[in-house]
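The next block holds one structure in the form of structure tokens; read it before the comments.
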Amino acid sequence: MTSARRTIDQIDVTDRTVLVRVDFNVPLKDGAITDDTRIRAAIPTIQSILDRGGKVVLMSHLGRPAGTGFEAAFSLAPAAARLAEHLGRPVGFPSHDCIDDAAKAAVAAMNAGDVVLLENLRFHKAEKKGDATFAAALASGIDIYCNDAFGTAHRADASMVAVAEAMGDRPRVAGRLLEKELQYLGTAIESAERPFVAILGGAKVSDKLKTIRRLAGTVDSLIVGGAMAFTLLKARGHTVGKSLVEADMVEEAGRMIEEVAAAGTDLVLPSDFVCATGIEAGLPTSVHGEDLPGDVMGLDIGPASSARFAEVVRAARTVVWNGPMGLFEVPPYDAGTRAVAAALVQATEAGATTIIGGGDTAAAIQGFGLGTKVSHVSTGGGASLTMLEGGPMPALDVLDRA
Ligand code: 3PG
Ligand code: MG
């Protein structure tokens, strides 16, 4: 599924209008962007087109608006301003509607070296529906379609699939970010050097079932932390106190533990936890072994687990990590996630390939200031998980083969 796609660098863009699907779905607080990683990540593709005399039309979604027209809270205007700052050149933002006459006219009037960002695609319901008429409107007047929206690659939205289809025999290529993400989350994992270690965390085992089943037999060790570990420990007959457990998943978790063992993968579960009586910051904490007393909940892996996980990670040649080890947003429950992050940095320094899925795990490692010290931090949370579980990625299938 990760066979090579034709890329933007392989085609002549001189004087051509390139429609680039980016993922500018960035977090906003009171109208201000709090993390512009996804905008910065799209710049290599944009710059490559501009340097070669092309015209760049960008399209993206932001959040989940109703799909009934413009909503100020979901406008991409802050993204246009931030991109202009990074590029050091103006970014046109012509209209409240990505396909109205003003937007069409702005695209038609572009010169080589111009950049235009269209307004939020999801102001039209047609985007989520994959509507062909909407897609044809976006594709009209466009010479080349380029997909660089890895964060959205698990979606079959119109801009991801139907627009590429509407291009007919005009080129549809992968951007540099998409190419890089596929190289790490596809190729590097498919042909992983051993020992190959996966670390999964986060709250729910149900979100990661498919991933666990796919990784069983593929990885040498599967480390599980985060609240999802409690469902597995409960299946093994341990008491988990007030910890988060998916009661309806315990049986399934038990079967999965057997499958992982039968596949020859070493399942590494936490052996101790940092606990408190509630999740509020500032409560007294205590460390317990894998059987927790009834009045506490586990909020992070404990020191013995951190040390064991770090040891397994440091011995690896390939590491993929998706999901934090505890409630890392609330210190001191960040310690386990920090310890794993530090071990990944050490493994990277020793020559291992280390890959971080997006979402919370990416936010955590960036927050620790370690994002540049691992091989790759993905810009896609849901998309990287879908890659790991081998799920369908229709947006990749419609791109031209290399
Ligand atoms: C994301 O952040 O998960 C992507 O931008 C896709 O957004 P969505 O989950 O709303 O489809
Ligand atoms: Mg999402």
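Taking amide H atoms as placed 1.01 Å from N in the peptide plane, the amide H of Leu58 lies under 5 Å from those of Val20, Val116, Leu117, Leu118, each 5 or more residues away in sequence or on another chain.
Karplus-derived 3J(HN,Hα) values for segment 34-50, using 6.51 cos²θ - 1.76 cosθ + 1.60 with θ = phi - 60°, are 9, 8, 9, 3, 5, 5, 4, 5, 8, 5, x, 5, 4, 5, 4, 5, 5 Hz; glycine and proline are entered as x.
The ranking of Ile279, Ile355 from fewest to most other beta carbons within 10 Å of each one's beta carbon is Ile279, Ile355. Less than 5 angstrom separates the built amide H of Thr354 from those of Val319, Ser375, His376, all sequence-distant by 5 or more or on a different chain. In the chain, the longest principal axis of the Cα atoms and the axis of helix 335-349 are about 70 degrees apart. The percentage of C-alpha pairs in the chain whose separation is greater than 40 Å is 22%. Using C-alpha pairs below 8 Å separated by at least 6 residues, the relative contact order for the chain is 16 percent.
Here Lys55 is the anchor, and the aspartates and glutamates within straight C-alpha reach of less than 16 Å, apart from those fewer than 8 places off in the same chain, are Asp9, Asp12, Asp15, Asp114, Asp143, Asp148.
Among Thr265, Thr45, what is the fewest-to-most ranking by other Cβ atoms within 10 Å? Can you show the working numbers first?
Working: Thr265 20, Thr45 27.
Going from sparsest to densest Cβ surroundings: Thr265, Thr45.
When you have a sec, figure out the Kirkwood radius of segment 176-249 from all distinct Cα pair distances and drop it here in Å to one decimal?
Values: mean 1/r = 0.0719 Å⁻¹.
Result for segment 176-249, one decimal place: 13.9 Å.
Above 14 Å, the calculated P(r) of segment 28-69 contains 64 percent of its Cα-Cα pairs.
Count Lys and Arg as plus one, Asp and Glu as minus one, and take only other residues whose Cβ is under 15 Å from that of Asp100; the net charge is then -3.
Rank these for me by crowding, Asp400, Asp169, going from fewest to most other beta carbons within 10 Å. Write down the numbers at each step before the final one.
On the way: Asp400 17, Asp169 5.
Lowest count first: Asp169, Asp400.
Within the shell defined by Cβ-Cβ distances under 15 Å, the residues around Pro303 carry a net charge of -3, with Lys and Arg each +1 and Asp and Glu each -1. Near the amide H of Gly225, within less than 5 Å, lie the amide hydrogens of Leu200, Gly201, all on another chain or at least 5 residues away, with H placed in the peptide plane.
No value in this document is a laboratory result; all are computed from the given coordinates. All figures in this text were calculated on a predicted structure; none of them were measured in a lab. Heads up, the Cβs are rebuilt from the backbone with ideal geometry, glycines too, and the neighbour counts pull from every protein chain shown.
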